[in-house]
Amino acid sequence: MALRHKPLTVKLAVTALAMFGFGFALVPLYDVFCDLTGLNGKTAATAASAEAAMIDTSRQVVIEFVARPNKQMPWVFKPEVSRMTVHPGEIHIMNYLAENPTGRMIVGQAVPSVSPGQAALYFHKIECFCFTQQQLAGGKNMLMPLQFYVDPALPSQFSTITLSYTLYDVTNAWQDSSAVSTQPGE
Amino acid sequence: MSAVVTDHEHDHEHHDHKPSGIKRWLYTTNHKDIGTMYLVFALIMFFIGGAMAMVIRAELFQPGMQFVEPNFFNQMTTVHGLIMVFGAVMPAFTGLANWMIPMMIGAPDMALPRMNNWSFWILPFAFLILLMSLFMPGGGPSFGWTFYAPLSTTYSSDSTALFVFSVHIMGISSIMGAINVIVTIFNLRAPGMTWMKMPLFVWTWLITAFLLIMVMPVLAGVVTMVLTDKYFGTSFFDAAGGGDPVLFQHIFWFFGHPEVYIMILPAFGIVSAIVPTFARKPLFGYASMVYATSSIALLSFLVWAHHMFTTGMPVAGALFFMYCTMLIAVPTGVKVFNWVATMWRGAMTFEVPMMFALAFIVLFTIGGFSGLMLAITPADFQYHDTYFVVAHFHYVLVTGAVFSIIAAAYYWLPKWTGHMYDEKLGQWHFWCSLISVNLLFFPMHFVGLAGMPRRIPDYALQFADFNAFISIGGFLFGASQLIFVWVLVKCARGGEKATAQVWEGAEGLEWQVPSPAPYHTFDTPPVIK
Ligand code: HEM
Ligand SMILES: [Cu+2]
């Protein structure tokens with residue numbers, strides 16, 4: 001390479017490498033952006049404080065509960081009721097039924113998503129089975145509780161919030177990294 | 001601009017020592033040889049990708065399943081797209097850049113000739129790998145050229161690794177090509193060839209090369225993430241592991257939208273070269289063309305999510321991407337205006353390159369209009385993933401990018417071969433292509449508006465007549481391109497001798513060297529007044 005072309009060539013090659021890195025940097029950037037804005041419907045991965053704000057009895061919000069096991073997940077997984085009407089600020093408990101019809105122990109991880117996405121920032125979970133992985137021996141069933149409230153600051157255009165859980169079979173990952181619980185929603 | 005072609009150049013022809021046979025092509029570092037190889041490669045890929053389009057149209061000729069399995073149909077749409085984008089259009093532009101940029105700026109060759117050889121020769125292997133994957137058990141890639149996760153991760157065939165590696169190689173090839181173009185233009189311009197004297201083809205390619213360097217690595221990154229998600233247990237795009245499939249679309253389209261401009265900016269340069277020649281007037285608004293091209297390139301980084309309106313974006317986001325997208329129509333409009341103004345009161349003649357350039361201006365603008373319709377967020381909910389989108393991007397890519405490449409081939413063919421092409425055959429090629437391409441793509445607007453989804457091997461009965469019609473257009477368009485091959489072969493073999501200037505109204509350094517252009521040009525830089 002002629003010497004005089006070298007500086008520019010190197011600069012361009014470094015730019016290309018930097019852009020390769022930028023592609024990967026988009027992954028954490030996206031998560032930060034979504035955490036700040038709640039745009040992709042992901043709810044907080046950790047518990048909200050239990051001191052709810054004032055209860056706003058002047059309006060009601062319908063919460064719809066959707067739950068489904070992922071295709072590879074053999075559990076039966078459903079909410080006790082499919083909808084509930086709440087006042088913003090009120091703390092409620094909702095139980096999900098899980099049943100493992102197979103003959104072996106399976107570890108499940110539920111991943112929540114709120115729709116419309118912008119409402120995700122206003123849906124607070126005080127206690128949730130989705131914060132940790134759940135083990136269930138073959139043939140057993142259990143109730144998994146969710147304790148939540150809706151933020152009174154929820155903008156008024158939202159009258160219905162859908163909370164959907166997809167349950168994944170993470171037995172293999174659990175065995176590999178035994179007992180290191182991963183955080184959902186990261 | 002003018003240059004003195006000294007006797008020096010002619011002396012050089014005597015010691016054009018180059019190895020003969022296959023070795024000449026394997027080892028060559030000559031920009032003209034490499035340009036030729038890129039162009040021939042692109043033509044071969046155009047026909048392979050075209051054959052796949054014929055399979056698609058044969059299957060869609062009638063509703064119901066006729067010839068191929070749905071999985072194979074999906075492989076055809078996927079590989080057709082990949083080959084046309086990365087194998088035909090992009091290498092063809094790189095070939096034109098190799099041939100023409102050094103001659104247009106008065107440089108003896110590309111700045112990095114050895115890298116040039118590499119960037120071409122890895123390309124055939126990329127496509128060999130891609131095509132071979134079709135014969136693997138489970139088939140080749142079937143997730144669309146956009147390879148959305150989880151289609152390309154959870155649900156893809158075992159051969160996906162081959163797809164990923166072939167995209168890596170294509171990416172490396174085009175990044176090296178782009179670096180070469182930039183270094184050549186920065187460092188090897190002849191004395192007096194100032195920035196604002198550069199032909200527009202050089203300008204548009206310079207900006208394209210910057211786009212390539214910015215976004216091809218992002219493509220390489222996203223295919224790598226697909227690879228590790230599929231084979232190594234990462235969860236970039238897998239909700240079960242905390243990832244997000246929508247993130248895939250953001251990264252892909254961050255690359256994808258600038259990519260569509262990579263495929264059209266050089267076309268703008270070609271049309272800006274051809275129209276003044278055949279209108280016998282200098283280009284109207286040269287400086288505004290340069291600024292318009294730059295602003296299109298900058299804006300192209302701010303509009304990617306117009307491909308994702310239906311993923312559930314907040315209103316503010318949708319509005320932002322909608323307005324930015326519409327803003328791009330302004331510099332694009334400036335360009336169309338300038339071409340029309342160049343022709344205004346010009347002494348026009350209508351040789352084949354001009355015909356293709358004129359068709360480009362009209363039909364590309366139709367594609368721009370359907371793009372504007374798609375940019376209207378609420379309307380896009382209706383149009384998204386229908387044949388309306390297919391109609392849009394084929395107007396901008398086939399009657400846009402591909403027509404410009406064909407126009408360029410006719411325009412510079414006499415310079416490359418030293419012979420005039422057969423004008424009559426060329427006109428046949430033009431008219432057959434023009435009519436068939438519209439039979440092929442125009443009705444797609446209507447079936448799309450009526451709701452026919454894209455990438456599906458079967459369709460509802462009410463679309464049957466239109467689809468039969470579209471398929472016939474498709475077969476005719478495919479057949480018309482055989483005339484092109486005939487013209488090319490005939491012109492390479494012989495024909496009326498071309499003069500140095502070739503076209504009466506042609507201006508620029510490339511028209512001051514003899515036709516065919518000698519193996520080495522501008523070993524001593526020309527003087528530009
Ligand atoms: C005025 C200029 C343009 C506008 C406003 C525009 C707008 C759009 C929009 C909104 C879409 C998304 C449609 C959907 O999926 O629902 C789209 C798709 C597309 N456009 Fe354009 N576009 C323009 C020019 C171009 C050009 C110049 C090219 C390429 C040369 C191009 C190539 C494509 C391609 C390939 C797709 C489809 C990608 C896919 O989903 O496979 N567009 N365009
Ligand atoms: Cu776009």
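The values are calculated or read from the model by the stated rules, or taken from the named source; none is laboratory data. Given the structure is predicted, the values throughout are model-derived calculations rather than measurements. Reconstructed Cβ throughout: ideal geometry from the backbone, glycine too, with neighbour counts over all protein chains shown. For the accessible areas, the whole protein counts, side chains as well, though only heavy atoms, and no ligand, DNA or RNA atoms are used. Shrake-Rupley method; radii C 1.70, N 1.55, O 1.52, S 1.80 Å.
State which residue is farthest from ligand 1 (Cβ to nearest atom) when the search covers only the range B:361-372 and only residues that are open to solvent by 50 Å² or more (accessible area, probe 1.4 Å) and touching a residue at least 12 places away in the same chain (Cβ under 8 Å). Filtering first and then ranking leaves B:366. Residue A:87 meets all of the listed conditions (1) open to solvent by 20 Å² or more (accessible area, probe 1.4 Å); (2) modelled with pLDDT of 90 or more; (3) out of contact with any Pro (no Cβ under 9 Å at 6 or more places or on another chain) but one, namely (3). Within the range B:282-309, the set of residues being in contact (Cβ under 8 Å) with a residue 24 or more places away in the chain, away from ligand 2 (no atom under 14 Å from the Cβ) and assigned to a helix (DSSP H, G or I) comprises B:286, B:287, B:288, B:289, B:290, B:291, B:292, B:293, B:294, B:295. Which one of B:226, B:222 is surrounded by 24 or more Cβ atoms within 10 Å (Cβ to Cβ), modelled with pLDDT of 95 or more, away from ligand 1 (no atom under 16 Å from the Cβ) and over 24 Å from residue A:8 (Cα atoms)? Result of the check over B:226, B:222: B:226. Return only the number of the condition from (1) of a type outside the set (S, T, N, Q); (2) out of contact with any Asp or Glu (no Cβ under 6 Å at 6 or more places or on another chain); (3) within 14 Å of chain A (Cβ to nearest Cβ); (4) without any contact (Cβ under 8 Å) to a residue 60 or more places away in the chain that residue B:242 does not satisfy. Condition (2) is where residue B:242 drops out. The one condition from (1) part of a helix (DSSP H, G or I); (2) more than 11 Å from ligand 1 (Cβ to nearest atom); (3) within 14 Å of chain A (Cβ to nearest Cβ) that residue B:313 does not meet is (1). Tallying residues that are open to solvent by 20 Å² or more (accessible area, probe 1.4 Å), farther than 30 Å from residue B:435 by Cα and of a type in the set (A, V, I, L, M, F, W, C) within the range B:302-358 yields 10. Across the range B:316-329, the qualifying residues are those that are within 12 Å of ligand 1 (Cβ to nearest atom) and within 14 Å of chain A (Cβ to nearest Cβ), and the one among them that is nearest to residue B:265 (Cα to Cα) is B:321. For residues that are open to solvent by less than 50 Å² (accessible area, probe 1.4 Å) and more than 14 Å from the chain's Cα centre (by Cα), scanning just the range A:117-136, find the one that is nearest to residue A:32 (Cα to Cα). The residue in question is A:134. Cβ-Cβ contacts under 9 Å between residues 6 or more apart (or on different chains), taken from a first residue in the range A:16-35 that is within 8 Å of chain B (Cβ to nearest Cβ) and hydroxyl-bearing (Ser, Thr, Tyr) to a second residue that is open to solvent by less than 70 Å² (accessible area, probe 1.4 Å) and in a helix (DSSP H, G or I), are listed as A:30/B:246; A:30/B:247; A:30/B:250; A:30/B:251. Residues that are in contact (Cβ under 8 Å) with a residue 60 or more places away in the chain and either surrounded by fewer than 18 Cβ atoms within 10 Å (Cβ to Cβ) or over 20 Å from the mean Cα position of the chain (by Cα) (or both) within the range B:105-119 comprise B:105, B:106, B:107, B:108, B:109, B:110, B:111, B:112, B:113, B:114, B:115, B:117, listed in sequence order. Could you go through the range B:84-94 and let me know if any residue there is under 24 Å from residue B:463 (Cβ atoms) and within 16 Å of ligand 2 (Cβ to nearest atom). No, every residue in the range B:84-94 fails to be under 24 Å from residue B:463 (Cβ atoms) and within 16 Å of ligand 2 (Cβ to nearest atom). Checked against (1) open to solvent by less than 20 Å² (accessible area, probe 1.4 Å); (2) under 30 Å from residue B:187 (Cα atoms), residue B:122 passes all but condition (1).
A single entry from B:278, B:301, B:350 fulfils the requirement of being within 14 Å of another protein chain (Cβ to nearest Cβ), within 25 Å of the chain's Cα centre (by Cα), more than 14 Å from ligand 1 (Cβ to nearest atom) and more than 16 Å from residue B:379 (Cα to Cα): B:301. One residue is enough: does the range B:285-294 have a residue meeting the conditions under 20 Å from the mean Cα position of the chain (by Cα) and within 11 Å of ligand 1 (Cβ to nearest atom)? Within the range B:285-294, none of the residues are under 20 Å from the mean Cα position of the chain (by Cα) and within 11 Å of ligand 1 (Cβ to nearest atom). Among the residues making up the range B:174-198, those that are open to solvent by less than 10 Å² (accessible area, probe 1.4 Å) and over 25 Å from the mean Cα position of the chain (by Cα) are B:190, B:193.
In the set (1) within 16 Å of ligand 2 (Cβ to nearest atom); (2) within 28 Å of residue B:285 (Cα to Cα); (3) in contact (Cβ under 8 Å) with a residue 12 or more places away in the chain, residue B:323 fails one condition alone, (3). Could you please let me know if residue B:272 is within 20 Å of the chain's Cα centre (by Cα), more than 16 Å from ligand 2 (Cβ to nearest atom) and open to solvent by 30 Å² or more (accessible area, probe 1.4 Å)? It is false that residue B:272 is within 20 Å of the chain's Cα centre (by Cα), more than 16 Å from ligand 2 (Cβ to nearest atom) and open to solvent by 30 Å² or more (accessible area, probe 1.4 Å). Let me confirm something: among B:91, B:141, B:102, B:137, which residue is open to solvent by 10 Å² or more (accessible area, probe 1.4 Å) and not polar (S, T, N, Q)? Sole residue among the options that is open to solvent by 10 Å² or more (accessible area, probe 1.4 Å) and not polar (S, T, N, Q): B:137. Pairing each residue of the range B:250-267 that is near ligand 2 (Cβ under 9 Å from one of its atoms) and among the hydroxyl-bearing types (Ser, Thr, Tyr) with any residue that is modelled with pLDDT of 95 or more and not in a helix (DSSP H, G or I), provided the two are 6+ apart or on different chains, yields no C-beta distance under 9 Å.
Checked against (1) within 14 Å of chain B (Cβ to nearest Cβ); (2) within 24 Å of residue B:238 (Cα to Cα); (3) surrounded by fewer than 19 Cβ atoms within 10 Å (Cβ to Cβ); (4) in contact (Cβ under 8 Å) with a residue 12 or more places away in the chain, residue A:158 passes all but condition (2). Criterion applied to B:163, B:125, B:143, B:186 was being part of a loop (DSSP other than H, G, I, E, B) and among the hydrophobic types (A, V, I, L, M, F, W, C), and the one residue passing it is B:143.
Looking across the range A:28-55 at every residue that is open to solvent by less than 50 Å² (accessible area, probe 1.4 Å) and among the hydrophobic types (A, V, I, L, M, F, W, C), the one that is modelled with the highest pLDDT is identified as A:34.
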